[in-house]
Amino acid sequence: MKKNLPLFYNKKPIDFIEKFDKIKVFGKIKSNVKSINGVDDVIFKRENNEFSFEFDELKLNIKKNTYDLGNIIKKGSFLSGKLHLKFENLFLGNFVKGFTNNIYEKSFSKSKLQYFKFIIPLENKINFNYQLAPFFYKDEFSDWSSVGFSIEVEDEKIFVQQKEIKKGKTQKCYLIFESNKKQAFREFSKKIFALRVSLGYIIGNFAGNRGYFFSYGNIERKNFNSFCFETQRGEIKNFMQPINRNPYAWLTTINKRKAEYIYKKYKLRTLSIAEFSKLYKITLENDDFLAILLLMLESSESSLLLRPAGYSIILESLSSIIVGREDEKLNPIISKAEAKKFRTELLEVLKNYENNKFFKDNKTLKVRLDNINQVTNKEKLVLPFKILKINLLDEDIKIINSRNDFLHGRIPDYRNLGLHRNINEKDRDMYYASVRFYTIINMLILKFIGYDGYVLNFSKIFEKETTYIVREDYYRKVSD
């Protein structure tokens, strides 16, 4: 079996990253900006998630009091021996230093159709074994590994691997993406971002900060031709995740007995290749859906005050995508012609009150009459669950009905404590709303991509933290 595993070549690009991350060389800047063009003895090195250029102030070709801090220099080159790098933007922070978030070899083409690999050096390793179907492969570091997964969309396969490289007492981790399809750089880059967002949502960890692209001339992807470095969107890390096929991961410290029961009796599973591929495809093709997944990640990392408001926005945005034109079926008047006739007659009646002193705002009344056949916002938010045949509990409906409160800065009183509710109890109400919102939104997203298994029920898992007694199980079935 191991002999038939697909072979990937990761050593050369990883070795390159390890060396380039530590680079510190002197060279010459070339640019169409006179003040820095031709300046030599420029120090080039990495600083955090960018690369910097340090200039000798005495060599800068500038006149006194004419140097404009904050300038952005468009396009230029850096030469040091055989090294010839190009940059698209150089941000000048002060008299002697500039920063770039994009630098690449002169031979790196962003228009030519090629094969690509993308690698993110990780601060800490990530775990997706309990959320995604494993992908077995081998490379120069190991005869076989299952720390990876793949997706398949139309004529393309994208492979994702995580490599832990041990050197002495140090250990470094890399997240690797590569495709078997020949394509332009920007097409590949866009796909990888959508894939990273999809993965981040599923595991609760969006990998970012900085990354290296490597281009290849053939599908074997053995020896890279050139590279490009780009600063990435910052890492988003939280502990929330919609699914986990290992109940012990969440329940060992809460209810170990229940974890054992769930492990034996429930058929917990990961997302299939087809399901995760569909999630990725929707994320790639629909910018609104991509924004929803990003907001899920960011809301789960934000303060308790902002979290339920973020989830409330997500629920409405997600409902619009799932429902589409289906909300018209809920209209009180099912005939468009009759609805138009009814509205016209009501507007005629309103005209009779134009000069009535008791009617102070006829414009507002007109807007309401124009929308008289539309369903309420609450009905719209419940509709996607009906369309996808997801059973909502009474507590779910209560949370959905409180959505407007969060958007208007109010904290719903779920336990009817009234004026006796203190700040800690308000915090617990926000906590409870957050975890229940998160759970039902996960049910929507996952059912939308075809998943019919179990999601983690954080309303129950965080019962002690919210002090809100939940008579439910630790996992909820998306479809009965």
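The values are calculated or read from the model by the stated rules, or taken from the named source; none is laboratory data. Predicted model only: the values in this text are computed from it and were never measured. All Cβ positions, even for glycine, are placed from backbone atoms using ideal geometry, and neighbour counts span all protein chains on display. Ligands, DNA and RNA are excluded from the accessible area calculation, which covers all protein heavy atoms including side chains. Shrake-Rupley method; radii C 1.70, N 1.55, O 1.52, S 1.80 Å.
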**OP:** Could you tell me which residue of the range 426-439 is farthest from residue 289 (Cα to Cα), considering only residues that are under 19 Å from the mean Cα position of the chain (by Cα) and either open to solvent by 10 Å² or more (accessible area, probe 1.4 Å) or touching a residue at least 60 places away in the same chain (Cβ under 8 Å) (or both)?
**Re:** 434
Subject >> residue 407 at pLDDT 95 or above and under 28 Å from the mean Cα position of the chain (by Cα) >> reply: no
Original post:
Of all the residues that make up the range 27-55, how many are surrounded by fewer than 15 Cβ atoms within 10 Å (Cβ to Cβ) and either within 21 Å of residue 148 (Cβ to Cβ) or within 38 Å of the chain's Cα centre (by Cα) (or both)?
Top reply: 4
**OP:** Inspect all residues belonging to the range 420-434 and state whether any of them is β-branched (Val, Ile, Thr) and modelled with pLDDT of 95 or more.
**Re:** no
Subject >> Subset of the range 376-428 [in a helix (DSSP H, G or I) and of a type in the set (A, V, I, L, M)] >> reply: 381, 382, 383, 387, 397, 399, 400, 407, 419, 423
Subject >> Residue check for residue 280: within 26 Å of residue 148 (Cα to Cα), in contact (Cβ under 8 Å) with a residue 40 or more places away in the chain and in contact with a strand residue (DSSP E or B) (Cβ under 6 Å, 6 or more places away or on another chain) >> reply: yes
Original post:
Looking at (1) in a helix (DSSP H, G or I); (2) at pLDDT below 85; (3) open to solvent by 70 Å² or more (accessible area, probe 1.4 Å), which is the only condition residue 332 fails?
Top reply: (1)
Original post:
Can you tell me which of 12, 19, 24 is open to solvent by 50 Å² or more (accessible area, probe 1.4 Å), farther than 30 Å from residue 220 by Cα and among the charged types (D, E, K, R)?
Top reply: 24
**OP:** Answer yes or no: is there a residue in the range 96-116 that is within 26 Å of the chain's Cα centre (by Cα) and assigned to a loop (DSSP other than H, G, I, E, B).
**Re:** yes
Subject >> Candidates 232, 183, 241, 161 - the one that is crowded, with 20+ Cβ neighbours inside 10 Å and touching a helix residue (DSSP H, G or I) at 6+ places or on another chain (Cβ under 9 Å) >> reply: 241
Original post:
Taking the range 172-224 as the region of interest, how many residues are more than 30 Å from residue 456 (Cα to Cα) and either within 11 Å of the chain's Cα centre (by Cα) or among the aromatic types (Phe, Trp, Tyr) (or both)?
Top reply: 7
**OP:** Could you grab me the full set of residues in the range 133-158 that are open to solvent by less than 20 Å² (accessible area, probe 1.4 Å) and farther than 21 Å from residue 279 by Cβ?
**Re:** 137, 139, 145
Original post:
If residue 138 passes every condition in (1) among the charged types (D, E, K, R); (2) over 25 Å from residue 218 (Cβ atoms); (3) part of a strand (DSSP E or B) but one, which one does it miss?
Top reply: (2)
Subject >> Among the residues listed as 369, 388, 350, the single one being of a type outside the set (D, E, K, R), within 30 Å of residue 449 (Cα to Cα) and open to solvent by less than 100 Å² (accessible area, probe 1.4 Å) >> reply: 388
**OP:** Name the helices (runs of 4 or more DSSP H) wholly inside the range 249-327 in which the number of residues that are over 23 Å from residue 401 (Cα atoms) and open to solvent by 60 Å² or more (accessible area, probe 1.4 Å) is 2 or more.
**Re:** 273-285, 287-301
Subject >> Candidates 159, 118, 149, 177, filtered to the one that is modelled with pLDDT of 95 or more and within 25 Å of residue 45 (Cα to Cα) >> reply: 118
Original post:
Give me the pairs: first residue in the range 1-29 and under 13 Å from residue 140 (Cα atoms), second residue at pLDDT below 95 and among the β-branched types (Val, Ile, Thr), beta-carbon distance under 7 Å, and six or more apart or on different chains, which are they?
Top reply: 14/165
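Residues are listed down the side, and each one gets a yes or a no for (1) assigned to a loop (DSSP other than H, G, I, E, B); (2) over 30 Å from residue 303 (Cα atoms); (3) at pLDDT below 95; (4) not charged (D, E, K, R):
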{"residue": "190", "(1), (2), (3), (4)": "no, no, no, no"}
{"residue": "195", "(1), (2), (3), (4)": "no, no, no, yes"}
{"residue": "200", "(1), (2), (3), (4)": "no, no, no, yes"}
{"residue": "213", "(1), (2), (3), (4)": "no, yes, no, yes"}
{"residue": "222", "(1), (2), (3), (4)": "yes, yes, no, no"}
{"residue": "227", "(1), (2), (3), (4)": "no, yes, no, yes"}
{"residue": "230", "(1), (2), (3), (4)": "no, no, no, no"}
{"residue": "241", "(1), (2), (3), (4)": "yes, no, no, yes"}
{"residue": "246", "(1), (2), (3), (4)": "yes, no, no, yes"}
Subject >> Of all residues making up the range 116-132, the number that are open to solvent by 30 Å² or more (accessible area, probe 1.4 Å) and either at positive phi or in contact with a Phe, Trp or Tyr (Cβ under 7 Å, 6 or more places away or on another chain) (or both) >> reply: 0
**OP:** From the list 464, 460, pick out the single residue that is at pLDDT below 95, in a helix (DSSP H, G or I) and more than 22 Å from residue 273 (Cα to Cα).
**Re:** 464
Original post:
So residue 207 fits all but one of (1) at pLDDT 95 or above; (2) open to solvent by 50 Å² or more (accessible area, probe 1.4 Å); (3) of a type in the set (A, V, I, L, M, F, W, C); what number is the exception?
Top reply: (2)
Subject >> Selection from the range 141-164 of residues that are outside any strand (DSSP E or B) and in contact (Cβ under 8 Å) with a residue 60 or more places away in the chain >> reply: 141
